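Peer 1: Take this structure first; my questions come after.
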Amino acid sequence: MSLNKRSWAEPFKIKMVELLKMTTPEQRKKAIKEAGYNTFLLKSEDVYIDLLTDSGTSAMSDHQWSGLMMGDEAYAGSKNYYNLEKAVKKYYGFKYLIPTHQGRGAENLLSQVMIKKGDIIPGNMYFTTTRLHQELAGGVFEDVIIDEAHDPESLHPFKGNIDLNKLESLIQKHGADKIPYVCVAVTVNMAGGQPVSMENLRRLRELTNVHGIKVMLDMTRIAENAYFIQQHEDGYSRRGIASIVKEICSYTDGATFSGKKDALVNIGGFLAVNDQHIFEEASNLVVVYEGLHTYGGLAGRDMEAMAIGIEESVQDDHMKARIGQVQYLGDRLSEAGIPIVKPIGGHGIFIDAKRFLPHLPQDQFPAQALAAELYIDSGVRTMERGIVSAGRNSQTGDHYYPKLELVRLTIPRRVYTQDHMDVISESVERVYEKRKKIKGLEMVYEPRYLRFFQAMFRQLK
Ligand SMILES: *Cc1c(COP(=O)(O)O)cnc(C)c1O
């Protein structure tokens, strides 16, 4: 049986459709030029298949939509807050909940409460908003992910793992009191949606216990991480996603969460912790930045939809179809000889732009150029995860030159069909055939923070 075929399908049927506008290559050439070759600056109506992100782009279920109608829009003590709190306790096991408008709102609170100037925050590869909030709070991020994560060709099944030796040397070098917590992401977005093993989390807990250091999860894609543990880690093949998710949380002291990923909602997030003191401090700050501690910038209906989405996210059938679709696209591209990050991760396919466009030096933004070219070819919108996303070193002002120069094809949950996956693959294959003609870019506008969102480029001659 060819890898292209799968004998099972999505555990849902389609009740409503959203019509898409079809465009011509000429229209797309004009649109991307006007957008400064930055796919973030395209109008979404000019996009056919939108793989920009899996964030807030999922299709909600009929249950979630009916949850919206149950919104209790009280300023304080909304019923929906308590439903969300119940879901967080039941599925994640954390004691205290503070809703936030999305994940970065929670990162801001956590960083402001826990980080002092000069602190070190080790993490398994940086994430854009997470690192920025750590830095704004006066901290310094240190990458302690295993080396394999930086190698797009390594087949390590848990490339998100923390290298405990790297962590231990950091503790020796700076002292445990300079490290307020270790920030662990499950799965690791920037490494290509790569999971962390349960064994690694268990050993991280042991090591941090010895030194009295807290462990804070970035649990944005925890159910996807649980799926990889179920599939690939000894002793977990008979365990359900829900029980694996809960075990992951049990090795940590709290978490930031973007509901826009796993939890199948268009907006929402939270901070959850076990420590009452941290909870009190964060509850105090949330009213400054987000809203009262029982809504945190969300409408009651949003909290209800998130509570329901959390439950749907930990269903085995759902996760099998979700990651199965990503796997399907990855296998197709791989069979066609496209250089992609392996193993295939949870939320998307990451094309290795360095191998796709070896004629372009990294400071001509190969991944940015490739994303623009894919859009022109078929109207498929992808995004850059390479030198533009990595930004500049705030001390020296130089670009960071990340080892990974990737184009991310992120798959929204429950939105596209297998035929869409085929169209995407055909487009990537077509662009691969004419790859030698693809030109580099130069940056003509650069914003100060998170530049990948708004930077503008011009095509080099
Ligand atoms: C999306 C994301 C965040 C930030 O969440 P937002 O809801 O976008 O603010 C943090 N960490 C990871 C790994 C993410 O993917």
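Read the figures in this text as sums done on the coordinates, not as results from a lab. Nothing here was measured: the structure is a model prediction, and the numbers come from that model. Quick reminder, even Gly has a Cβ in these numbers, built from the backbone with ideal geometry, and neighbours come from all protein chains shown.
Peer 1: Using a cut-off of 22 Å between alpha-carbon atoms, which lysines can reach Lys173, once sequence neighbours fewer than 8 places away in the same chain are excluded?
Peer 2: In chain and number order, the partners are Lys116, Lys117, Lys214.
Peer 1: May I ask you to sort Leu19, Leu271, Leu170, Leu450 by Cβ crowding, counting other Cβ atoms within 10 Å and putting the fewest first?
Peer 2: Leu19, Leu450, Leu170, Leu271
Peer 1: Using DSSP to call loops (not H, G, I, E or B), can you name the GluC sites (Glu not before Pro) in region 310-344 whose Cβ has at most 10 other Cβ atoms within 10 angstrom?
Peer 2: In loop regions of region 310-344 (DSSP not H, G, I, E or B), there are no sparsely surrounded GluC sites (Glu not before Pro).
Peer 1: In percent, what relative contact order does region 62-313 have, based on Cα pairs under 8 Å that are 6 or more apart in sequence?
Peer 2: Dividing the mean separation by the residue count of region 62-313 yields 33 percent.
Peer 1: Pairs of alpha-carbon atoms within less than 8 angstrom and 6+ residues apart define the contacts here; what relative contact order does the chain have, in percent?
Peer 2: 24
Peer 1: For region 442-456 and region 15-53, what is the separation of their Cα centres, given in Å?
Peer 2: Their Cα centres are 20 Å away from one another.
Peer 1: While we're on this one: By counting other Cβ atoms within 10 Å of each Cβ, how are Val210, Val423 ranked from fewest to most?
Peer 2: Val210, Val423
Peer 1: Between Tyr445 and Glu433, what is 0.36 nm times their sequence separation minus the Cα-Cα distance? Round to one decimal in nm.
Peer 2: So the extension gain works out to 1.3 nm.
Peer 1: Grab the Cα-Cα distance for Arg392 and Glu45, subtract it from 0.36 nm times how many residues apart they are, and report the gain in nm with one decimal.
Peer 2: In short, 121.7 nm is gained.
Peer 1: Run through the DSSP bridge list for the chain and note the antiparallel percent, rounded to the nearest 5.
Peer 2: Around 65 percent of the beta bridges assigned by DSSP in the chain are antiparallel ones.
Peer 1: Kindly provide the helix-only [θ] at 222 nm of the chain, computed as the sum of -39,500 (n - 2.57) over DSSP H runs of four or more divided by all residues, to the nearest 500 deg cm²/dmol?
Peer 2: Estimated from H runs of four or more residues: -12000 deg cm²/dmol.
Peer 1: Okay, next question. For Val17 paired with Glu199, estimate the spin-label separation in nm (one decimal), with each label point 7 Å from Cα along the Cα-to-Cβ line.
Peer 2: Going by the 7 Å Cα→Cβ label model, 4.8 nm.
Peer 1: Take every DSSP beta bridge with both residues inside region 62-313 and express the antiparallel ones as a percent of the total, to the nearest 5.
Peer 2: Details: 12 of 25 bridges.
Just about 50 percent of them are antiparallel.
Peer 1: Something else: Among Ser427, Ser394, which comes first, then next, by fewest other beta-carbon atoms within 10 Å?
Peer 2: Values: Ser427 21, Ser394 8.
Fewest-to-most Cβ neighbours within 10 Å comes out as Ser394, Ser427.
Peer 1: List the relative contact order of region 212-368 as a percent without decimals, with contacts defined as Cα pairs under 8 Å and 6+ residues apart.
Peer 2: Dividing the mean separation by the residue count of region 212-368 yields 19 percent.
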